[in-house]
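Worksheet: one structure, shown below.
The values are calculated or read from the model by the stated rules, or taken from the named source; none is laboratory data. Since the structure is predicted, the reported quantities are computational estimates derived from the model, not experimental observations. So basically every Cβ, Gly included, is an ideal-geometry build from the backbone, and we count neighbours across all protein chains shown. Surface accessibility is based on the protein's heavy atoms, side chains included, excluding ligands, DNA and RNA. Shrake-Rupley method; radii C 1.70, N 1.55, O 1.52, S 1.80 Å.
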Amino acid sequence: MMVAITADPAPARFSMGRVVTRTFEVFGQNLIPFLILATLSVAPPMIVSFLIARSLPPTVSPLAIFTPLRIVVMIFNVIFALVMGYLLQAALVQGTITSLNGRPASLGECLSTAVRFLPRLIGIGILAGLGMIFASLLLIVPGLILFTIWSVVAPACVAENLNIGGSFSRSTDLTRGHRWAIFGLVFAFGLACLVATFALRPLAGAGILPTSHDHMPQAVLYWIVDTALRIITTSIGGIGIASVYYELRTIKEGVGPEQLAAVFA
């Protein structure tokens, strides 16, 4: 029997410790459905990337990957990964809020919620992606700032049934005053994922850092383990975003899990 994960009524400030603890508690309580959801999102793009890598001879120039057919496939793969990523985010938001309310996450309910919000989430993904890419072209820092400001745009859309513009505005308002803490969480999580990825490179017979002759690891074991790692980290990251959203609603508005779960009733 699951127990609702509750927070103190309207705590005074954003707590990174609460967010991390809540994230791993929810992940542990719903391990199987969340890993299945993450697999559906992560595995297809990884398989396509693997097939592209395997099609290259070992001695080929890194530029040889940019043939017209491969470019088309890679563009499609990026778009597909974007859509699947936001579908996963919606599903994990629903599952996380349900779990915080003391009920096990349902794979069917998570998928149903993701499909219901798909058009809006695709629009959010395209706008957020273009905005962060453009900001990053100017300088990396503006891109990171936008990522932090828009970090809870998907949870806001799903949990509050907002339109695309309303979701961006809501995320901007909720994160105001707590963006350094949110950025710290995102940075620490990204760094941990990066370290784990580099640690896997020896499985491909590669060094810790990529070189000009090491353009794409082709070892099957590497891709299997790397895909498994991405499934786990993607699931944790999605739950973490939902947990950040819950933390912000709690400290700013005193909202509890029952009120958040009402939208899915």
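Summarising the overall dimensions of the stretch 84-176 from its C-alpha atoms, the Rg and Dmax are 13.9, 45 angstrom. The distance between label points at GLU160 and LEU229 comes to 3.6 nm (points 7 Å beyond Cα on the Cα→Cβ vector). What net charge is computed for the residues neighbouring LEU248, neighbours being all others with C-beta under 14 Å from the C-beta of LEU248, Lys and Arg scored +1, Asp and Glu -1? Net charge around LEU248: +4.
Backbone N atoms of the stretch 164-196 closer than 18 Å to the 7 Å Cα→Cβ label point of LEU127 belong to residues 164-176. For the pair LEU35 and TRP180, a Förster radius of 41 Å applied to the C-beta separation gives a FRET efficiency near 0.85, rounded to the nearest 0.05. With the simple model of a label 7 Å out from the Cα in the direction of the Cβ, PHE189 to ARG13 spans 2.2 nm.
Which of the peptides 193-199, 251-257 is most tightly packed, and how do the rest follow, judged by the mean count of other Cβ atoms within 10 Å per residue? Walk me through the intermediate numbers first.
Numbers: 193-199: 12.9, 251-257: 16.4.
Top of the packing list down: 251-257, 193-199.
Net length available on complete extension from ALA43 to VAL220 is 62.3 nm, with 0.36 nm assigned per residue and the Cα-Cα distance removed.
Residue order by solvent-accessible surface for ILE149, ILE232 is ILE232, ILE149, largest first, with ligands and nucleic acids left out and a 1.4 Å probe. Length gained on full extension, ALA199 to LYS252, computed as 0.36 nm times the residue gap minus the Cα-Cα distance: 15.1 nm.
For the pair THR172 and ARG116 in one chain, pulling the backbone fully straight at 0.36 nm per residue adds 17.8 nm over the alpha carbon distance.
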